[in-house]
1. Considering only residues that are surrounded by 16 or more Cβ atoms within 10 Å (Cβ to Cβ), part of a strand (DSSP E or B) and not polar (S, T, N, Q), look in the stretch 48-75 and name the one that is modelled with the lowest pLDDT.
2. Looking at the stretch 48-77 only, could you name the residues that are within 17 Å of residue 16 (Cβ to Cβ) and polar (S, T, N, Q)?
3. How do the pairs read when you match residues in the stretch 77-95 that are under 10 Å from residue 11 (Cβ atoms) with residues anywhere that are among the β-branched types (Val, Ile, Thr) and surrounded by fewer than 17 Cβ atoms within 10 Å (Cβ to Cβ), using Cβ under 6 Å and keeping only pairs 6 or more apart or on different chains?
4. Quick one: in the stretch 17-47, of everything that is outside any loop (DSSP other than H, G, I, E, B) and hydroxyl-bearing (Ser, Thr, Tyr), which residue is modelled with the lowest pLDDT?
5. Give me a count of the residues in the stretch 33-47 that are loosely packed, with under 12 Cβ neighbours inside 10 Å and either under 16 Å from residue 16 (Cβ atoms) or of a type in the set (A, V, I, L, M, F, W, C) (or both).
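The values are calculated or read from the model by the stated rules, or taken from the named source; none is laboratory data. Since the structure is predicted, the reported quantities are computational estimates derived from the model, not experimental observations. Heads up, the Cβs are rebuilt from the backbone with ideal geometry, glycines too, and the neighbour counts pull from every protein chain shown.
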Amino acid sequence: MASAHAATLPAGFSITPNPASSIVHIAFTGYSGKVTIHIADINGKQLAEKKVVQANTSAPVQQAIDISPIANGVYLVTVTDENGNRQTGKLVIAR
């Protein structure tokens, strides 16, 4: 019998659209508990943060983030949960 606990699923996320201009959607699965999404420049300066409470489920969660105040460029998006699962991806903002 297969288990549906998040601990058995690989954590992952996607960023759409990418490149983005005003709103970006972060879809993630395999994370549990409190999830934090950070957007930072390549020097590590945090420009946006969104906290999400996710149930321990295999269903993907999608979160919209307004990036319109952030200048054009390349940024790092990091998704972290309370268990230490962490992944980073690249976001391009172009208008």
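1. Filtering the stretch 48-75 down to residues surrounded by 16 or more Cβ atoms within 10 Å (Cβ to Cβ) leaves 48, 52, 54, 61, 63, 65, 67, 70, 75.
From what's left, part of a strand (DSSP E or B): 48, 52, 54, 61, 63, 65, 75.
Restricting the remaining residues to those that are not polar (S, T, N, Q) gives 48, 52, 61, 65, 75.
Values: 48: 96, 52: 90, 61: 87, 65: 96, 75: 98.
Checked the stretch 48-75; the qualifying residue modelled with the lowest pLDDT is 61.
2. 62, 63, 68
3. Sorted first by the residue in the stretch 77-95, then by its partner, the pairs are 80/36.
4. Within the stretch 17-47, the subset outside any loop (DSSP other than H, G, I, E, B) is 20, 23-29, 33-40, 46-47.
Adding the requirement that they be hydroxyl-bearing (Ser, Thr, Tyr) leaves 29, 36.
Working: 29: 88, 36: 94.
For the stretch 17-47, the residue satisfying everything is 29.
5. We begin by selecting, within the stretch 33-47, every residue loosely packed, with under 12 Cβ neighbours inside 10 Å; these are 42-46.
Now restrict to residues that are either under 16 Å from residue 16 (Cβ atoms) or of a type in the set (A, V, I, L, M, F, W, C) (or both): 42.
Here the count works out to 1.
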